[in-house]
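Report on the structure given below.
Any read-out appearing in this document is the output of simple, stated calculations on the displayed coordinates, not a laboratory observation. Predicted model, so just to flag it, every value in this text is computed and none were measured. Counting neighbours? That spans all protein chains shown, and the Cβs are built from the backbone with ideal geometry, glycine included.
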Amino acid sequence: MELAEIKNVQRVAAAVRANVARVIVGKEDVVELLLVALFCEGHILIEDVPGIGKTTLAKSLARSLGCSFQRIQFTPDLLPSDITGVSIYDQKAGEFVYRPGPVMAQIVLADEINRAGPRTQSALLEAMEERQVTVDGVTRPLPRPFLVLATQNPIELEGTFPLPEAQVDRFLMRLSIGYPEREEERTILRRFRVDDPLAHLQPVVSAEDVRQASAVCRQVYVHPAIEDYILDLVRATRAQAAITLGASPRGSLALHRASQALAAIRGRSYVIPDDVKRLLEPTLAHRFILSSDARLRGRSAAAVLAEIVERIAVPVEEVWNTTGA
């Protein structure tokens, strides 16, 4: 892999990061994870309390990209056809004509996704996994890149429907933004005092830039020792007493691909164990189910993963910086 290709990934990432920072104060680590998902063409579930800036963050990322964008406000009365589109009979043409739904955009914001019923939520399953939608027996490919940014409030239960495990597993990462520091919150007060900077945000990279960066990330070298480390970590979730259902092979793929993207964003053509450790919680914590005993004891998914990391031996550095040729 050419050094110029890695530099181009860094250039695209830096441009998007700087543009998002015009609206979002701090949270550089969260923005970096969003970029990882973007370059992996993986989907993001942002789960946090109201008022933290989940929707603002998602819209800031979308407006920084020269990609088509649609927002779906999930409500209890939302229908699957409101997402995927519908075929309508055209009397003049004498045939059914497909009217695309908002899911046909490149960046889709699924706001408060847990407010819609299971039938409507499942309308996204095919799109998220196979990058296509099927309406009236006709399958249509989705544009690339394709990214679903979903938000949900974890503390409000009335009028909500928990996401099915099959759908949660299709999200590359689950993120939490968290409260800002005191001085960051002061900056927010001043930045939004007169105007909303989101209204003036313009694209800084094109869809082709994102596609090229994604292709480069797939070429980042993963040494067999790092592969073994990823497999040991994921498989340990299936043998942990505190976990009833461990992470699936989709979790292994997510951790592998995300590690490649993070390495490229940080200027490397090879993955190191620190990349894997950084991504372990956001890529795996939502993919397994804690046992009832663990939940009663107040143990969190993050704590269980930390125990696994402590137990699994980190590979000794060998040839991580080689091209794999």
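Loop-located GluC sites (Glu not before Pro) in region 237-325 (DSSP state other than H, G, I, E, B) with a sparse environment of at most 12 neighbouring Cβ atoms within 10 Å: Glu317, Glu318. Taking θ as phi - 60° and the Karplus parameters 6.51, -1.76 and 1.60, the scalar couplings of region 87-92 work out to 8, 10, 6, 9, 5, 5 Hz in sequence order, x denoting glycine and proline. Phi-derived couplings, Karplus 6.51 cos²θ - 1.76 cosθ + 1.60 at θ = phi - 60°, listed residue by residue for region 38-48: 4, 6, 8, 6, x, 9, 10, 10, 9, 10, 6 Hz, with x used for Gly and Pro.
The smallest convex shape that holds all Cα atoms of region 1-205, its convex hull, gives 160 Å³ per residue. Placing unit charges on the Cβ atoms of the charged side chains and taking the dipole of the chain about its Cα centre, the candidate lying farthest along the positive direction among Tyr221, Ile52, Ala14 is Ala14. Annotation: amide H-H contacts under 5 Å for Val135 (H modelled 1.01 Å from N, sequence separation of 5 or more, or interchain): Arg140.
Counting only alpha carbon atoms, the long axis of helix 207-217 and the longest principal axis of the chain meet at about 30°. Going by a ≥ b ≥ c, the root eigenvalues of the Cα gyration tensor, does region 220-314 fall in the rounded group (a/c under 1.5), the prolate group (a/b larger than b/c) or the oblate group? Prolate, since a/c reaches 1.5 and a/b exceeds b/c. In a DSSP loop and with at most 14 other Cβ atoms within 10 Å, the chymotrypsin sites (Phe, Trp or Tyr not before Pro) in region 192-260 are Phe192. When the charge dipole of the chain is built from unit charges on Cβ atoms (+1 for Lys and Arg, -1 for Asp and Glu) and taken about the Cα centre, the candidate among Phe74, Met128, Val309 whose Cα reaches farthest toward its positive end is Phe74. Find the percent of Cα-Cα distances in region 107-250 that exceed 24 Å, and round it to a whole number. Cα-Cα pairs of region 107-250 separated by over 24 Å account for 58 percent. Tilt of helix 301-311 relative to the longest C-alpha principal axis of the chain, in degrees (0 to 90, nearest 10)? Approximately 30 degrees, to the nearest ten.
Mean residue ellipticity, 222 nm, helices only, the chain: the sum of -39500 (n - 2.57) across DSSP H runs of n ≥ 4, divided by residue count and rounded to 500, is -12500 deg cm²/dmol.
Residues whose amide H falls under 5 Å from that of Gln106, counting only those 5 or more places apart or on a different chain, are Ser68, Phe69, with hydrogens built in the peptide plane. Annotation note: trypsin sites (Lys or Arg not before Pro) in region 169-270 located in DSSP loop regions with a Cβ neighbour count of at most 10 within 10 Å are Arg193. Take every DSSP beta bridge whose two residues both sit in region 1-205; close to 35 percent of them are antiparallel. Since only Ile272, Ala258, Ile230 are under comparison, the one whose Cα sits farthest along the positive direction of the charge dipole of region 224-285, derived from C-beta charges on Lys, Arg, Asp and Glu, is Ala258. The alpha carbon centroids of region 1-79 and region 231-256 are separated by 26 Å. Under 5 Å from the amide H of Ile243 lie the amide H atoms of Ser291, each residue being 5 or more positions distant or on a separate chain, with H modelled from the backbone and absent for Pro and chain starts. Considering only Leu172, Leu147, Leu163, the mean-square fluctuation computed in a Gaussian network model of the chain, springs between alpha carbons under 10 angstrom, is largest for Leu163.
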